[in-house]
């Protein structure tokens, strides 16, 4: 069978699966029988809408980061951000995406863009496939993760072929911080088919020194793969429940959580033993629409999946989930909105979904959301949106923008802003991963990443009649010191010493650092200083000369000035200590992480 005939066969199969629906295209997973024509939503069933305010001044920069090749198209980005310095302008970003190049057989690659200055400038290129994979094999579904121990960035992707089994692979590459180059790509496994994966990394439960990388994906069946060597090899794989769209997260204690689509329902599952076993799945929500019917509820001939994306608040442990669904109907026009749900008991129970976009009018639609939570507990969302150029559900094309929303109060209210200035025309998006007939395709997701200083959104961008990859940066407000910063602070990577911090009246701050001398003796020093904004300056004394009870004599205590210390708080959860001491202690920088919060106090940035 020729490649063109294979593509026609695949498209015909998709049409048969869709029945009365539009074609969804390959790689989307099974669905129940279509029922969009019978889908009826009453206004009485419309979910609660959260307060939303306009905030058009939020965007710090917007730019195009692809190679600007004529006829190319960019979709499905994945991105990570790392805080390296004192501002967003020193953040380090790695952004990867599917980059389709023109030709008789679509040349689909993984392109990348890297920035050492918070997105102001980029270095870009194509990520080479492993040597075992043929050069013509289409590459898709890129994913990213950061190894918290080494701060290396991992990138993984997939290739698939109807004709060459060795091309059906999952593979990875990596790079270090500060401009280190990508390593040669490594083939991790070979399967009959691979599709739709994401990955995450974090500590093993009860063993912070062991980092586990998790990759969840479809591979004929559904698999969760674990790597214990930073993604160089796969240690084990575990079957997953459900259908498709598995998004993993790892919290600070090493608990693994996944959300996914499960035959018309949105589900959650967790593992407390490093991905060796899974707990019983929990149904988070049952959307009104199926993935087939929601596609016909939006103008355009592209597919719109119902995936449940989630993120974990590091300050409270709250788990947020976000998805799109039909919420209301006007005549024969259905309204698709973004819904937010959350769990405060580790995923056992979930709140009813609430609408988080400020557009409540049919036929404006919002779909394909992504969510991140920053170190302060701020909730960030991004999605595709047609409100500026609304069309009818049955229209053959759509004009699509990208919007961003932020909540500083744990999802009680949001501010939102439009990121794109020129909408994407879905009629111009044509993609066939194996050549032949192409259909509209804007991807199945966009990307969000957060640092201590900014939120970054990556998405397909329409510019000069081309479809490239765009990036927006939204700077976060500086953290102002409040009473809520009182508590115990440590460095997670250097257990064994820490700092007690107490916020006093009149913009004063007490800090005592319990540590060791250069020759290994116990030492503690600190003092009271003043603060302004997010920065405190302290003249440090070192207590010495004392003895343990009953030999303690106050007259023996000496408190010589040791030097100065500045504490800068980037958020309620993270800070940095810069010190310059005498007595052989020297000078340097020490990162601090929140360990405890004083009873009765709440820290909200």
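How big is D, in µm² s⁻¹, for the chain by Stokes-Einstein at 25 °C and 0.890 mPa s if Rh is the Kirkwood radius over C-alpha pairs?
Working: Rh = 25.5 Å.
The diffusion coefficient I find is 96 µm²/s.
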Relative to the chain, whose Cα atoms define the longest principal axis, helix 3-18 and its Cα axis are tilted in degrees, nearest 10, by 80
If R0 is 35 Å, what FRET efficiency do you get for residue 101 and residue 149 from their C-beta distance, rounded to 0.05? 0.45
Value of relative contact order over the chain, rounded to a whole percent, pairs C-alpha under 8 Å and six or more apart: 13
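How much length, in nm to one decimal, is gained on full extension between residue 316 and residue 539, taken as 0.36 nm per residue of separation minus their Cα-Cα distance?
Numbers: separation 223, 0.36 × 223 = 80.28 nm, distance 3.29 nm.
Between residue 316 and residue 539, full extension yields an extra 77.0 nm.
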Compute the relative contact order of segment 483-597 as a whole-number percentage, counting only Cα pairs closer than 8 Å that sit 6 or more residues apart in sequence. 22
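Sorted from fewest to most neighbouring beta carbons within 10 Å, what does the list 188, 504, 308 look like?
Values: 188 19, 504 14, 308 27.
Going from least to most buried by this count: 504, 188, 308.
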Multiplying the sequence separation of residue 524 and residue 422 by 0.36 nm and subtracting their Cα-Cα distance, what value in nm do you get? 30.9 nm
Quarter of the surface of the C-alpha convex hull for segment 311-458, i.e. direction-averaged projected area in nm², equals 10.4
Hey, what's the Cα Rg ratio for segment 483-597 versus the globular rule of thumb, 2.2 N^0.38 Å? 1.08
Sum -39500 (n - 2.57) across every DSSP H segment of at least 4 residues in the chain, then divide by the residue count to get the 222 nm mean residue ellipticity, nearest 500. -1000 deg cm²/dmol
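Most exposed first by the Cβ proxy, i.e. fewest other Cβ within 10 Å, how do 564, 486, 169 rank? Before the final figure, lay out the partial values.
Numbers: 564 16, 486 20, 169 24.
The most exposed by this proxy come first: 564, 486, 169.
Using the Kirkwood formula on the Cα atoms of segment 162-303, what hydrodynamic radius do you get, in angstrom to one decimal? If you can, show how the numbers build up before the last one.
Details: mean 1/r = 0.0599 Å⁻¹.
Computed over Cα pairs of segment 162-303, the Kirkwood hydrodynamic radius comes out at 16.7 Å.
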Using a Förster distance of 22 angstrom, determine the FRET efficiency expected from the C-beta separation of residue 430 and residue 394, and round it to 0.05. 0.65
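FYI, it's all coordinate maths here, none of it is from the lab. All figures in this text were calculated on a predicted structure; none of them were measured in a lab. Because the Cβ atoms are built from the backbone with ideal geometry, glycine has one as well, and the counts that use them run over all protein chains shown.
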